[in-house]
Structures are given as C-alpha cells and as structure tokens.
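FYI, it's all coordinate maths here, none of it is from the lab. Predicted, not measured: the structure shown is a model, and the values here were computed from it. Neighbour counts run over all protein chains shown; Cβ positions are idealised from the backbone, glycine included.
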Amino acid sequence: MTDHGRRRQRRPALAILSAMLIAGLTLPAVAGFVAAAGPSDRANRDVVATFGPASSFGTAAVAPGTVGVKSSVGYQYGDGSTAVVGEILNLRTLRTRNVTVSVTYFRAAQGIEPGPVELGTASDIVLLAQTSRGGDGPFVVLFTPEIDPASDPPVPYAVLNYLIEVDGGAATTAVVGGALDIVEGPQVVVTDLRLRYYEGTITNPNAFSVSAPSAMLTVYDAAGNVLEVFDHDLLPDPIVPGESPPMLSGESRTYSIGVDTDLDATTARSTVLAEGDRTDQPTVYITSWANYFDDLPLETFRRDIIWLAEQRITGGCGNGKYCPLRDVRRDEMASFLARAIGLTEPAPNAFSDDNGNTHEANINRIAQAGITGGCGGTKYCPASKVKRDQMASFLARAVGLTGAAPNAFSDDNGNTHEGNINRIAQAGITGGCGGTKYCPSVNVTRGQMAAFLRRAFQE
C-alpha cells in the first residue's frame, strides 16, 4: 500500500466539437472561509453551486442522441481553490469517448462592474464507454481563482457561480477492443495515516498488449454525487524508474489507492475503472467498469458476464454475486432482454400471473414489443425455467431475426422453435451443444445466458 492516489487533474483539452451543451446554475457562494484548508482537506469545504440529477440537467435540456451533465456540485476551500465534480451522461446509441468538460468560474461584480466577472476556465476529459442505456463518466475540474488585490490580507476571489460546457466527444460504433478484467480486493484502513486503501488486481485478458494502463477510483455519496476521482498508473512489479512498459497479454497488475478518512466517512459506494490503449492500435481505447461479482468462473463465461455487467444489463443475483450456474427463470429473462434492447417506457399489463413480481414491468415491456406471447392464455409463467429452444425464440424476436435459415441441428426437427433456432445459429449467436445437436429441452444457466446475450447484442 504505497499510493495515496492522485486527484484527477486538468488534462490537455481536445478541440471543441460542434454544438456545445451549456448548462449553468447561479447560486450565491456560501460566505466565509476556513483558515488553512486546502483541496485535500475534505471536511473544510463550502458548496458553491450544484446541479441536481434531473431530466433537464440543470437549466439546459439534454436531447436524446447527445451527452450532457448528469449532476455536479461545486466546492470552495479555505485557500480559495475550487473543485467542481460530477458526471456526464451518454444518451447516444453509439459509444462515446473523450468528452471535454469545461468549467468557467465567475465572481461577484464589484464597484461599477455591470455583472458577474469571469475568473477563468478549467477543463477535464471524460471517458465514456457505455451506450445509450445511461452510461456515465465522472469529471473533476480543479481551479484556483486569481487573487483579489483589494482584500486584506490578499485572498483569491470567492466564486459566485460557474458555467459548465460539454462538447460532443468522439462517437464510434466499434467495440472498444476487449475490456480489462478487474477483481476488487478488500478495503484496508490505516488509522495512523487516516487513509482507507481501495485495492485490487487488473488483468489484461486480450491477445494484445495495452499501453499506459491505469486505474481510476471514483467515490460517491449516498445521493449518488461524485465526491472525488483518483488516478493510479498500473506499473509492473518491480517498478523500473522512468519506465512504464505496456501491459502484456495475460499480465496482471495491482492497484492500491488511498482515500483520506474525512472523505471516506461520507462515501456510500465506489467504482473502479481500468483504462489504456491498444499498443498495436493506439487510437483504440480499452476500458472496463468494475461492476463485477465474486463468484465468476475463472474462464468459462467470465468475459460474457463482465460484458453484461458493463452494459448495465445485470446487477447480479444479490450480495455481490451473479450465480452463473443457476438456471434462468422466465421473469429474469424478461429483464435481461428489456435492458439489452433499452426498453424503458411503461407498458400495459400483459399477463395475470406476474402481479407484484420484481420483473413485471419488464415482462410487460417485452410483451408489448412482441418478444413474448406468454406461456398460454393470459399467463407468462414467470418462475418457469427458460429452455434452450425458448431462449432461441426470445433472442430471435429481440434481435429482429426473420426469414428462412438453413437447418443447423439434428435434434430439433419438428420443434415449435426450430425456425428461430436456425436463425440464431445462422447469426452466430449459438453453435449448439456439441456435434450437430442443439439440446433444445435443456435449461439455460445464467452463465450461458450471458454468452448468448453478448453474441446477440454486442456492437
């Protein structure tokens, strides 16, 4: 445990792309300073201004197909330095990276000045790897305003308000090239240093190496606001001074990031992001959010389950687990599909046997979308297990596979779902269960379902 973590600093700004989204909110600065308090002293901070998470994101509406401010809060410290922290939300159907967030700070007018006076602008680059299902990325913009020469003693101008500008970033339909695998370890508190260490191991499971790998820890309060972001370069052991070699295929590196306990006391949850670039293709960005589980298989379905978690299609089965060996129920299948497709609007009640079920809303959504007609009559049979033949029809309808497909397997002749089994085979979603067989009557496990969903929906 050697790294106390470094707060996210200003990075070189990218060229501002078209049509900036501007969101601003004016609130009076909280009066007064706390003597000798710096940015690292999180107990001594005053809120300057805030954006609440809402559909309009402050005062500027965010239309589908854009990126925008999800939430932000500004802090002013006793030494006059200011930090604005928050999250950017991706509402595109495409993956988005390198969104530049710029924050312009203003002080109150003095004397004959007509209105608030600009103090300066700082920026940060946000890396968004998720899709339009609501993927977000944190930002931290640090800034120290200029000194007020009229004050005695001289102190930085107090920030009155701030204006956030967000550019469109770069959108791509390409998969970002194989995520890095994160296994979070136990958290360790070192009382005499007043630090809590967040530790873990990051592995490169890809066939290529990754340049400049790093880990980024984001901590949130109970309301879901970003409190702070810490960067940590992933260096090999032993460390060679002045060198940062690429992370080779199959290589693992550890991280250990310390967060001061004043901040940690208000932390409700944390996430870890691993990032880097393909060494053989430097323009391809590699990333992975650590929304993983402690019961994943070492090899089979591990990457599929991780992908499912990254896409916010699953939150697991509870208590930090995914339950990969458990059979998938029909109600769970509804939620998997609704999240994968992005179905979020309310839908009319479709069946009589799912009232009060946790997945009822998603069952109604996939019924409205024509993905399911239930199990007969007005019933959906939510607790029944999903068999491989049924799964083929769920996926074929969800993906929109139609038309004839060549016969793929020898053990599904005459099966009601044979046409859809052939369609998902032709689409590369399944290769069967061995030889020329599909095993249509076998139940689907949650691990297998992750693989089916990844093949069906991965961009």
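Between beta-carbons, use under 10 Å as the cut-off and find the net charge around Leu395, counting Lys and Arg +1, Asp and Glu -1.
That works out to +3.
State the Kirkwood hydrodynamic radius of the range 299-393 in Å, one decimal place, computed from all pairs of distinct Cα atoms.
14.0
Taking 0.36 nm per residue of sequence separation and subtracting the Cα-Cα distance, how much length would be gained by fully extending the chain between Thr436 and Ala369, in nm to one decimal?
Going from the current span to full extension adds 20.9 nm.
Kindly provide the pair-distance distribution of the range 348-407 built from C-alpha pairs, with 5 Å bins from 0 and whole-percent values in order of increasing distance.
Percent of Cα pairs in each bin: 4, 17, 27, 25, 14, 7, 4, 2, 0.
Ranked highest first by the average count of other Cβ atoms within 10 Å around their residues, in what order do 418-425, 184-191, 103-110 fall?
418-425, 103-110, 184-191
Amide H of Ser71 versus every other amide H placed in the peptide plane: which residues, excluding those fewer than 5 positions away on the same chain, fall under 5 Å?
Glu87
Show me the ranking of peptides 252-265, 338-351 by mean Cβ neighbours inside 10 Å, starting with the highest.
Final packing ranking: 252-265, 338-351.
Along the Cα-to-C-beta direction of Asn349, a point sits 7 Å from the Cα; which residues of the range 377-391 have their amide N less than 18 Å from that point?
Inside the label zone: 377-383.
Under a straight-distance cross-link criterion of Cα-Cα below 16 Å, which lysines are reachable from Lys437, leaving out those fewer than 8 residues away in the same chain?
Of all the lysines, those that pass the test against Lys437 - Cα under 16 Å, at least 8 places apart if same chain - are Lys387.
For an R0 of 25 angstrom, estimate the FRET efficiency from the Cβ-Cβ distance between Thr201 and Arg312 and round to the nearest 0.05.
The pair Thr201/Arg312 has a calculated efficiency of 0.60.
Give the cross-link partners of Lys385 among the aspartates and glutamates, using a straight C-alpha distance below 12 Å as the criterion and excluding same-chain residues fewer than 8 apart.
Asp327, Asp331, Glu332
For Ala223 and Ser249 in the same chain, what is the full-extension length gain: residue separation times 0.36 nm, less their Cα-Cα distance, in nm?
5.5 nm
What FRET efficiency comes out for the pair Leu325/Ala265, r = Cβ-Cβ distance, R0 = 30 Å, nearest 0.05?
0.20
Taking 7 Å along the Cα-to-C-beta vector as the label spot, tell me the Thr121-Ala150 distance in nanometres, rounded to one decimal.
Modelled inter-label distance: 2.6 nm.
Starting from the alpha-carbon convex hull of the range 371-456, give the projected area averaged over all orientations, in nm².
5.6
Among 365-371, 233-239, what's the highest-first ranking by average C-beta atoms within 10 angstrom per residue?
Order by mean packing, descending: 365-371, 233-239.
Taking R0 as 60 Å, what's the FRET efficiency between Ala109 and Lys379 from their Cβ-Cβ distance, rounded to 0.05?
Calculated transfer efficiency: 0.30.
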